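Data block below; observations after.
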Amino acid sequence: MIHIHKYEKWWIGLTILMLVVFAMLVGVSAFSKGFQVPEPWMRVDPNTVKESGPFADANLGLHELAPGKYEAYLLAQAQPWRYYPSELTIPVGSTVTFYVTSVDVQHGFRIQDTNINLQVLPGQVSKATYTFVKAGEFPYICGEYCGVGHQGMFGKITVK
Amino acid sequence: MFAVEKKILSWHVILACVALFIGTLFGPLQALEHMGINLYPALQAVGLQSYYQGLTLHGVLNALVWTTFFITGFLMYVMVKTLDFPLTKPALNWAGFYLMVVGLVMAAIPLLLNQASILYTMYPPLQAPWYYYLGLTLFVVGSWVSGWGMLATFLAWRKQNPGKTTPFMALAGMITMVLWQICTLGIAAEILGLILPWTFGLYGMDSQLARTLFWFTGHPLVYFWLLPAYVSWYGMMPKQSGGKLFSEPLARFSFWLFLILSTPLGFHHQFLDPGVPAVWKFLHAALTYAVFFPSMLTAFNVIASMENGGRARGGKGLFGWLLTLPWTDPSWATQALAMMIFALGGVGGLINASYNINLVVHNTAWVPGHLHLTVGSGVTLTFMGILYWLIPHLTGKSLWSKKLALWQAWLWFAGMLIFSRGMHWIGLLGAPRRTMLGVALGNYGSADWRVPTLMVGIGGLILYTSALMFFVEIVMSAFYSKESATVEMPVAEPLHAEPIPAWLNNWQPWLIATVVLIVVAYGPMLIQLISQAQFTSPGFKVW
Ligand code: HEM
Ligand SMILES: [Cu+2]
Ligand SMILES: [Cu+2]
């Protein structure tokens, strides 16, 4: 075996301990507290997604499922760089499940001041749920480069 | 001795520095834009069409071209020097070099014509002309061919020296090149299997599959950048410090661990992707923690070696050895500062890697804040420090101005602390990366973006000043320095002259482990993504 200095052994032990603790913290928060990352939900055809199915024009935006419980369907598009719809209004305390997809290139969907942050790909539906406990305005913005208009791609949730 | 190798190395260094020179031009422009000073409209007169065209050039030239040219030249040279064995097939290394140049020119044309403003990640369905991708492919293949030239030499050396332990830096260099060969299979598959046929209209694109193949290469890419810096930190810095390498066996062990652990964790760049199940993301998060282990081994070993040097130079007490280290040696000081910045980057890296905490920082300005600490300083500043002995070594003339070099390093250090602090900060305030933040501020930003973006602007200008000083220094040193000097490549000796056990010298177990880990971590997901692929997306040119 190789010679390892005493202090270095302590350092190695400390490193392993740190990593085990980190992995456990993340694991526990993910699998027992439910702080989860996005998962596969549904596939669509980006070429026809606007015409039929959950992202057809008439179905976009908010749907109330039960009092205080909503789902929202959003389309992300470059040229012009925007979301459809670009504004949503909900009462304080609402729980909203967002479904987002792209009709063209990759986009992002991040709701400022929340933990909602999604990668939006053509052909895939990204899903996340959030409860808005505070009143105010929450912009949702594109976090993935999607062409020259990327910096102007955003929408707004009004909670009141 | 080694005249051919020196020539090959010199050409690699020249092209690397040209790439860095052009690449860094855009840095201050981006930083000023973030601060609210938008110079891009004025730049249309010289043919720069947009912020994003500039950002693509910045990313490709700095992160891919500067690094790859430097690394293929440097590792080749370190290997032949430490083996004391010339290249057996220098034609291969030349061929690799020319392939890289041809590839670079092919890719540069559409970049300069604003036809490939798709950023260095080239996520489909953003679509550049086919010859852009072909150029990138040739560039990577060129670096493979250089690697084969190294491999041929290494095998010939082994044949002539049966049973001999490979010198540390030669082994570390070979491990880095082998890692590169293995991990670039991802991007090769992406370009040849998906992108090129798609640019010819043969079939549509599945962006989830393309992203996955990209990040198969994308994470180990950062180790391809970093490991050559580690070669210097482990193999040369102890000598430059006036001491010895604290634990050579553990240095080797770290490199083997990097070989097996660098590739099977690419999903940590895809935590927020819709098409990858959470368990796979979690597995890659755990493996990312594992790769933190050899990083910590490196931190201890490298610092202990410096302490050994500081004490040998007369340093006393708990911290007194820090003061006796060669702070006036530009090569040493530059790399020591690089290490300090890199340590901060390492802490941020743990945060990025932490699965669900990643939600907070993913695709925000935090990420470029982080990557300038790592590739932009830990690596780039180290390579600059290496050049501060390497150029005198190649030319036989001393550095043009030691003082300029020292100022350059300290300014980079200071500028980076300010710049990067600003970037991390606005990232936490929700500012996205790869975005004209000056414009976005009016759209969805808030007044609290102002101070951090100011830091980005000021830090960026300091950094750029430092970059210019670096270019002045190397050009003057290479062409105008008069004083002759004999500078040898620093090679550190191990502190304990102990025999290296066979398991730290044999490739076989480590190569098997590498393949097994990749198959376990990627196999099932890749099979699933390929079998369920939907080739639906056409290409888009939206810039
Ligand atoms: C001269 C000093 C530099 C300055 C002022 C600077 C500034 C910047 C800024 C402000 C960004 C963020 C752009 C955005 O997200 O919108 C950026 C991105 C980036 N920089 Fe630098 N940079 C410098 C040097 C470097 C160096 C030396 C490297 C690497 C070797 C580097 C690699 C990158 C990469 C890879 C990106 C990300 C590109 C992307 O998101 O596609 N930079 N830089
Ligand atoms: Cu965007
Ligand atoms: Cu990574």
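Give all pairs with beta carbons closer than 7 Å in which a residue from the range B:374-401 that is outside any helix (DSSP H, G or I) meets a residue that is open to solvent by 10 Å² or more (accessible area, probe 1.4 Å) and among the aliphatic types (A, V, I, L, M); count only pairs at least 6 apart in sequence or on separate chains.
These pairs meet every condition: B:Gly396/B:Ala485; B:Lys397/B:Ala485; B:Ser398/B:Ala485; B:Trp400/B:Met476.
If you scan the range B:315-350, which residues turn out to be over 18 Å from the mean Cα position of the chain (by Cα) and aromatic (Phe, Trp, Tyr)?
B:Phe319, B:Trp321, B:Trp327, B:Trp332
Give the residues of the range A:62-71 that are open to solvent by less than 80 Å² (accessible area, probe 1.4 Å) and in contact with a strand residue (DSSP E or B) (Cβ under 8 Å, 6 or more places away or on another chain), sorted by residue number.
Passing the criteria: A:Leu62, A:His63, A:Gly68, A:Tyr70, A:Glu71.
Search the range A:66-90 for residues that are touching a residue at least 12 places away in the same chain (Cβ under 8 Å) and pair each with any residue that is within 16 Å of ligand 3 (Cβ to nearest atom) and in a loop (DSSP other than H, G, I, E, B) when their beta-carbon atoms are under 8 Å apart and the residues are at least 6 apart or on different chains.
none
From the residues in the range B:425-451 that are part of a helix (DSSP H, G or I) and farther than 26 Å from B:Thr121 by Cα, which one is farthest from the other protein chains (Cβ to nearest Cβ)?
From the range B:425-451, those part of a helix (DSSP H, G or I) are B:425-428, B:437-444, B:447-451; that's our starting set.
Still in the running and farther than 26 Å from B:Thr121 by Cα: B:442, B:447-451.
Values: B:Gly442: 9, B:Ala447: 14, B:Asp448: 12, B:Trp449: 12, B:Arg450: 17, B:Val451: 18 Å.
Ranking the candidates gives B:Val451 first.
What helices (runs of 4 or more DSSP H), lying completely within the range B:260-371, carry at least 2 residues that are more than 15 Å from ligand 3 (Cβ to nearest atom) and more than 10 Å from chain A (Cβ to nearest Cβ)?
Correct list: B:278-312, B:320-324, B:330-353.
What about B:Ala414, is it at pLDDT below 95 and either among the basic types (Lys, Arg) or more than 11 Å from ligand 1 (Cβ to nearest atom) (or both)?
Judged against the criteria, B:Ala414 is not a match.
Within the range B:486-499, can you find the residues that are open to solvent by 30 Å² or more (accessible area, probe 1.4 Å) and in contact (Cβ under 8 Å) with a residue 12 or more places away in the chain?
Residues satisfying the conditions are B:Thr486, B:Val487, B:Glu488, B:Val491, B:Glu493, B:Pro494, B:Leu495, B:His496, B:Glu498, B:Pro499.
Can you tell me which residue is farthest from ligand 3 (Cβ to nearest atom) among those in the range B:25-42 that are within 14 Å of chain A (Cβ to nearest Cβ) and open to solvent by 30 Å² or more (accessible area, probe 1.4 Å)?
Going residue by residue through the range B:25-42, those that are within 14 Å of chain A (Cβ to nearest Cβ) are B:30, B:33-34, B:36, B:38, B:40-41.
Pick out the ones that are also open to solvent by 30 Å² or more (accessible area, probe 1.4 Å) and you get B:36, B:38, B:41.
On the way: B:Gly36: 31, B:Asn38: 31, B:Pro41: 35 Å.
For the range B:25-42, the residue satisfying everything is B:Pro41.
Counting only residues that are assigned to a strand (DSSP E or B) and open to solvent by 60 Å² or more (accessible area, probe 1.4 Å), which one in the range A:24-61 is farthest from the other protein chains (Cβ to nearest Cβ)?
Top of the filtered list is A:Met42.
What's the number of the condition B:Arg313 fails, among (1) within 16 Å of ligand 2 (Cβ to nearest atom); (2) surrounded by fewer than 17 Cβ atoms within 10 Å (Cβ to Cβ)?
Answer for B:Arg313: the failing condition is (1).
Every residue in the range B:213-240 that is of a type in the set (A, V, I, L, M, F, W, C), away from chain A (no Cβ under 14 Å) and within 16 Å of ligand 1 (Cβ to nearest atom), please.
B:Leu221, B:Val222, B:Phe224, B:Trp225, B:Leu226, B:Leu227, B:Ala229
Quick one: how many residues across the range A:101-160 are within 16 Å of ligand 1 (Cβ to nearest atom), within 22 Å of B:Gln127 (Cα to Cα), crowded, with 24+ Cβ neighbours inside 10 Å and of a type outside the set (A, V, I, L, M)?
Number of matching residues: 11.
From the list B:Tyr77, B:Tyr98, B:Tyr51, exactly one residue is modelled with pLDDT of 95 or more and within 16 Å of ligand 2 (Cβ to nearest atom). Which is it?
Of the residues listed, the single one that is modelled with pLDDT of 95 or more and within 16 Å of ligand 2 (Cβ to nearest atom) is B:Tyr51.
Let me confirm something: among B:Leu61, B:Leu29, which residue is over 15 Å from the mean Cα position of the chain (by Cα) and in a helix (DSSP H, G or I)?
Details: B:Leu61 fails: over 15 Å from the mean Cα position of the chain (by Cα).
The conditions single out B:Leu29.
For the range B:151-172, name all the residues that are of a type in the set (S, T, N, Q) and under 26 Å from B:Met237 (Cα atoms).
B:Thr153, B:Thr165, B:Thr166
Check every one of the helices (runs of 4 or more DSSP H) wholly within the range B:161-241 and list those with 2 or more residues that are crowded, with 24+ Cβ neighbours inside 10 Å.
Those helices (runs of 4 or more DSSP H) span B:168-183, B:207-235, B:237-241.
The values are calculated or read from the model by the stated rules, or taken from the named source; none is laboratory data. Since we're looking at a predicted model, the values are computed, not measured. Cβ atoms come from the backbone with ideal geometry, glycine included; neighbour counts cover every protein chain shown. Remember, those area values only see protein heavy atoms, side chains included, never the ligands or the DNA or RNA. Shrake-Rupley method; radii C 1.70, N 1.55, O 1.52, S 1.80 Å.
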